[in-house]
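Okay, structure first, notes after.
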Amino acid sequence: MLSLIACWFLSYTATPLFANLPATNTDVTCVAPTSQPTNLIFVNTFSDYTFATFTSTNADGYLKVISTSATLSTLPINGSSYSYGDRIGTAKVLGSSFSKAIPIYDLNPSTTYYLYVFAYNNVGCSSGIQYNTLTPLSSSFTTASASPNLPLAQPTNLILNSATSSTISGSFTSAGSYSYLVVIGTSSSLEATPVERGNYSIGNTIGTGRVVGTGTGTSFTASGFLPGTSYYVFVFSYSATSCNCGAVYRSHAPLIGTKITANPPCTAPINQPTALVFNNATTTSVSGTYTTTTADDYLVVYSTAATVNTLPSNGIVYSAGSSIGNASVLSVSSTPTFSVTGLTAGSTYYFTIYALNDIACTNSPIYNTTSPLTASITLTSGTLNYYFGNFHSHSEYSDGTGLPSGDFAYGDAASCMDFLGISEHNHVSAGMALTNWSFGRAQAAAATTPTFLALYGMEWGVISGGGHVIVYGVPDLLGWDSGEYNTFVAKNDYIGTAGLFPTINGYGGNAFATLAHPNNSDYQGIMSTYNADADLAIVGTAVENGPSTSINTTYSEPPSSMAYLSFYRNMLARGYHLGPTIDHDNHNVTHGHTALSRTVVLAPSLTENNILDAMRQMHFYASQDCSGYVTFQLNGNQLGSSITSTGAPNITVTSSTSNPVTSLKIYSGVPGSGTNATLLTSAIAGTINYTHTALTNGSSRYYYIDITESDGKRIITAPIWYTRNDIP
């Protein structure tokens, strides 16, 4: 008769401590422990189970193996880690850890076993685990005879029903007048068996499994499982005994089956992607990037029609090149980039992106077809036109003079003035109101003609709180004054999650920012620490600005010459992608008449979409000469392009200016290096053709042009970024 202590011990169900002790570093050459553990003791040995303990020594851990042979045919190998169930010759590994307790399951009755324990070191070992294989601690034990109440057989014919995403059910054929223990786990081996005379309830663990059924019934239903996961079902026969300690289990060769739980039904993603930005546009191709959400994948379609006439259908998998109504499928991918070629020069293409879920769920894919991400781009016709203008000025709707309509008319009358942007201060303290925002946009639309483009944007921020940012392509007023904004953006917040630059990116399309009159410490320190959101939003920075309060209308009061050129150079060195602008910052009715300096935009035609798109593509330069026409290309790509290609880059520059060019300089810098661009080569004429043969394979550079005319006027271009990738 078992003692009460023994009964208590047998009713305890433990999870085996079989885990390798992780190394914390790998910079030590290990040596094996000099001594083995001692004092191996067996406690409560039954027909199928025993429990052993030993006294530790100075070692990181211990490898325990068991065999029916009095000698080991193979010893542990240094550098090799072993897990439960591994074989070392004829021996079975019971565990590898620092634990001094060894529960041993799944034994045969009336059998003699030999247990061996090897000390090892493995913590911080660059040489791998090292075993002491000399005279391991060892001892033998003999299991008891099988209980007379031991079931003679295991159940048979396990049938597992169709599983749900969280439930497994099944039935089996009885082996006789017995009860049955059902255990389910994710491993094909439980690494343990029911303990003789142990008591188990639903929810208990046995090794790596969970008890889900007990009793005389031959069917079971269990829940709480993960979807799309393989589970193993083990069924053991057992019989009750007269001892209050519990049952007698037939632990050998249980009935085993496996079942994969179902995936849950697909649901549509909650959110659509945001911030679609086009790049690397040519006459026949374009690439794009966007910001993902929590969806599994994204369907990208494009069309020459402004509205997609057919939505994607749930359950249908679309492949690249197929059609959905009047749109063509470009890609289905989790990667937030795309590229398309073979387009028609001069055409406008509309891109639509749908979020979808299609991983680990049934009836996939399921699309979110509500308010997908959309944007359009007009490809160049092969011939780009030069448009001269100014993006930074004010009307009486903020702190300027005159209504926008009159200011636009005055700008239209200026020499070499194809476009004028009025960028009102966005906040109440500078005079702005939400009603004025809609009035200004309406007046800009009314002032636009085939030969003059009127634009209406905003100058966001305050100088004392981080600097002014010029914003276009955003239809809403961004602000912080209660009741005086469409979209809230906290004052002085430029790079926070809901700050100015991430908010601009959220509008996608042609939304962009330029920096008005920057200082190195402005915009929450983006100069000192590169910020990806800022890089995506900002396309330009002023190299000249003002004079903002001038009343000169004779083109004779230019801004301070290239006063912010160093900021532009510093931003390029930090890794930002942006070009130079020249703005007048008019606060009086002088628009276009204060000076002949202009921002020059290369676009296929004078429309708002094309001008803003060209700005997003950085197809522009800053010119103190409003008759300065510059063509800057690298391997045939326009200024503002980012290119990866084979071979050395070939740079060509041609120009037509008011006065002869006395200096044409090509500057080159390493993106993100923090070191400003240096002079690569120069000429004393207005043209140059130069191949940068010294650029090695795998290297990246950006290049921009600095032109000086005989009267001292300068022209600074946006860069072209180039990575050389010579494919072998």
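The values are calculated or read from the model by the stated rules, or taken from the named source; none is laboratory data. On a predicted model such as this, the values are computed, not experimentally measured, just so you know. As a convention, Cβ positions derive from the backbone with ideal geometry for all residues, glycine included, and neighbour counts pool all protein chains shown. We work out accessible area using only protein heavy atoms, side chains counted, and drop any ligands, DNA or RNA first. Shrake-Rupley method; radii C 1.70, N 1.55, O 1.52, S 1.80 Å.
Points to keep in mind about this one:
- Selection status of Tyr302, under 29 Å from Asn635 (Cα atoms) and modelled with pLDDT of 90 or more: yes
- Criterion applied to Asn108, Asn149, Asn161 was being in contact (Cβ under 8 Å) with a residue 60 or more places away in the chain, within 27 Å of Ser219 (Cα to Cα) and open to solvent by 40 Å² or more (accessible area, probe 1.4 Å), and the one residue passing it is Asn149.
- Of all residues making up segment 586-606, the number that are open to solvent by less than 10 Å² (accessible area, probe 1.4 Å) and part of a loop (DSSP other than H, G, I, E, B): 6
- Per-region count, segment 417-459, residues among the β-branched types (Val, Ile, Thr) and crowded, with 19+ Cβ neighbours inside 10 Å: 1
- Against the test of being more than 25 Å from Ala262 (Cβ to Cβ) and in contact with a strand residue (DSSP E or B) (Cβ under 6 Å, 6 or more places away or on another chain), the options Ser174, Ser139 yield a single qualifying residue, Ser139.
- Summed over segment 414-444, the residues that are in a loop (DSSP other than H, G, I, E, B) and without any contact (Cβ under 8 Å) to a residue 60 or more places away in the chain give a count of 4.
- Filtering Ser364, Ser376 for residues that are more than 24 Å from Ser597 (Cβ to Cβ) and in contact with a Phe, Trp or Tyr (Cβ under 8 Å, 6 or more places away or on another chain) leaves a single hit, Ser376.
- For segment 674-728, filtering for residues that are open to solvent by 60 Å² or more (accessible area, probe 1.4 Å), under 25 Å from Ala563 (Cβ atoms), outside any strand (DSSP E or B) and not acidic (Asp, Glu) leaves 3.
- Thr216 being over 30 Å from Tyr507 (Cβ atoms), assigned to a strand (DSSP E or B) and open to solvent by 50 Å² or more (accessible area, probe 1.4 Å): no
- Residue within segment 199-212 that is among the hydroxyl-bearing types (Ser, Thr, Tyr), out of contact with any helix residue (DSSP H, G or I) (no Cβ under 8 Å at 6 or more places or on another chain) and outside any loop (DSSP other than H, G, I, E, B) present: yes
- Residue among Thr267, Thr307, Thr291 that is among the hydroxyl-bearing types (Ser, Thr, Tyr) and over 28 Å from the mean Cα position of the chain (by Cα): Thr307
- Whichever residue in segment 119-128 is of a type outside the set (Ser, Thr, Tyr) and outside any strand (DSSP E or B) and, among such residues, is modelled with the lowest pLDDT: Gly124
- Candidate set: segment 618-628, residues that are of a type in the set (S, T, N, Q) and under 22 Å from Tyr564 (Cβ atoms); chosen: the one least open to solvent (accessible area, probe 1.4 Å): Ser623
- Of Ala262, Ala247, Ala222, all but one fail to be within 36 Å of the chain's Cα centre (by Cα), more than 30 Å from Val474 (Cα to Cα), of a type in the set (A, V, I, L, M) and open to solvent by less than 40 Å² (accessible area, probe 1.4 Å); the exception is Ala262.
- Residue list for segment 207-244, restricted to those being closer than 18 Å to Pro194 by Cβ, hydrophobic (A, V, I, L, M, F, W, C) and at pLDDT 90 or above: Val211, Val212, Phe220, Ala222, Val233, Phe234, Val235, Phe236
- Selection status of Phe388, in a helix (DSSP H, G or I), at pLDDT 95 or above, of a type in the set (Phe, Trp, Tyr) and surrounded by 15 or more Cβ atoms within 10 Å (Cβ to Cβ): no
- For segment 607-640, filtering for residues that are touching a residue at least 12 places away in the same chain (Cβ under 8 Å), assigned to a loop (DSSP other than H, G, I, E, B) and within 37 Å of the chain's Cα centre (by Cα) leaves 7.
- The strands (runs of 3 or more DSSP E) found entirely in segment 25-103 that carry 3 or more residues being within 50 Å of the chain's Cα centre (by Cα) and more than 30 Å from Leu150 (Cβ to Cβ) are 61-67.
- Options Tyr302, Tyr232; residue that is open to solvent by 50 Å² or more (accessible area, probe 1.4 Å) and not in a loop (DSSP other than H, G, I, E, B): Tyr232
- Between Pro269, Pro264, the distinction of being farther than 30 Å from Thr193 by Cβ and at pLDDT 95 or above belongs to Pro269 only.
- Thr133 meets the conditions (1) open to solvent by less than 30 Å² (accessible area, probe 1.4 Å); (2) touching a residue at least 40 places away in the same chain (Cβ under 8 Å) in every case but one. The failed one is (1).
- Ser405 falls short on exactly one of the conditions (1) open to solvent by 30 Å² or more (accessible area, probe 1.4 Å); (2) touching a strand residue (DSSP E or B) at 6+ places or on another chain (Cβ under 7 Å); (3) over 30 Å from Ala281 (Cα atoms), and that condition is (2).
- Looking across segment 460-515 at every residue that is among the charged types (D, E, K, R) and without any contact (Cβ under 8 Å) to a residue 40 or more places away in the chain, the one that is nearest to Met615 (Cα to Cα) is identified as Asp476.
- Condition met for Leu379 (over 27 Å from Asn279 (Cβ atoms) and under 39 Å from the mean Cα position of the chain (by Cα)): no
- Single residue of segment 629-652 satisfying the filter (closer than 20 Å to Val286 by Cα and not polar (S, T, N, Q)) that is most open to solvent (accessible area, probe 1.4 Å): Gly636
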